[in-house]
Amino acid sequence: MKIGELAARTGCQPVTIRYYEQAGLLPVPPRSEGNYRVYTRAHEERLLFIRNCRALDMSLDEIRQLLDYQDNPSGDCSEINALVEAHIEHVSSRIKVLQQLQDKLVALRQRCAGAGPSCSILQELTAGEPHVSQDSDSHVGHSH
């Protein structure tokens with residue numbers, strides 16, 4: 001199948017498919033006589049695996065490790081369990097940061113005095129404390 005068909009079958013944009021190829025997560029497919037990439041069912045299955053991992057907010061490095069375990073099965077799941085456990089801890093940490101963010105936003109919203117000559121939310125954002133955590137300038141969810 002061509003990249004457009006693979007994209008349609010997996011719900012993944014062609015540019016993302018190419019990105020996963022460049023990142024080494026998806027094998028580069030052979031090319032047809034017309035120089036089109038020719039994908040197989042194996043590419044589709046691997047891409048769906050990657051997308052499922054991304055839906056769980058796993059990093060590309062975590063996915064790379066899982067793919068390595070899948071490609072080279074040892075019969076021992078302990079390393080996979082350890083990877084998932086570490087990811088659970090990461091998610092728990094992010095939940096705490098997001099809860100702090102939500103608390104700050106709720107407090108900010110409560111400062112609104114309603115209709116008036118100036119917006120108290122904008123004033124607070126100009127003068128208030130901006131930090132939720134040490135890495136509040138990075139987008140939560142994109143740090144790994």
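The values are calculated or read from the model by the stated rules, or taken from the named source; none is laboratory data. Source: prediction; values computed, not measured. Glycine also receives a Cβ, built like all others from the backbone with ideal geometry; neighbour counts cover every protein chain displayed. For the accessible areas, the whole protein counts, side chains as well, though only heavy atoms, and no ligand, DNA or RNA atoms are used. Shrake-Rupley method; radii C 1.70, N 1.55, O 1.52, S 1.80 Å.
The residue that is nearest to residue 56 (Cα to Cα), counting only those in the range 91-105 that are open to solvent by 70 Å² or more (accessible area, probe 1.4 Å) and free of Cβ contacts under 8 Å to residues at least 24 places away in the same chain, is 95. For the range 45-61, the count of residues that are touching a residue at least 60 places away in the same chain (Cβ under 8 Å) and at positive phi is at least one.
From the list 78, 92, 59, which one is under 17 Å from the mean Cα position of the chain (by Cα), at pLDDT 90 or above, farther than 30 Å from residue 13 by Cβ and not acidic (Asp, Glu)? Talk me through it step by step, then tell me what you get.
On the way: 78 fails: under 17 Å from the mean Cα position of the chain (by Cα); 59 fails: farther than 30 Å from residue 13 by Cβ.
Matching residue, one of 78, 92, 59: 92.
Look at the range 72-90: where a residue is open to solvent by 90 Å² or more (accessible area, probe 1.4 Å) and a partner is not basic (Lys, Arg), sitting 6+ places away or on another chain with Cβ atoms under 7 Å, you get 79/69. If you go through the range 23-54 and pick out every residue that is open to solvent by 90 Å² or more (accessible area, probe 1.4 Å), farther than 15 Å from residue 67 by Cβ and at pLDDT below 95, you end up with 4. Residue under question is residue 99, and the condition is that it be touching a Phe, Trp or Tyr at 6+ places or on another chain (Cβ under 9 Å), of a type in the set (S, T, N, Q) and at pLDDT 85 or above; does it hold? No: the conditions fail for residue 99. In summary, residue 113 fulfils each of the numbered conditions (1) within 30 Å of residue 7 (Cβ to Cβ); (2) at pLDDT below 95 with the single exception of condition (1).
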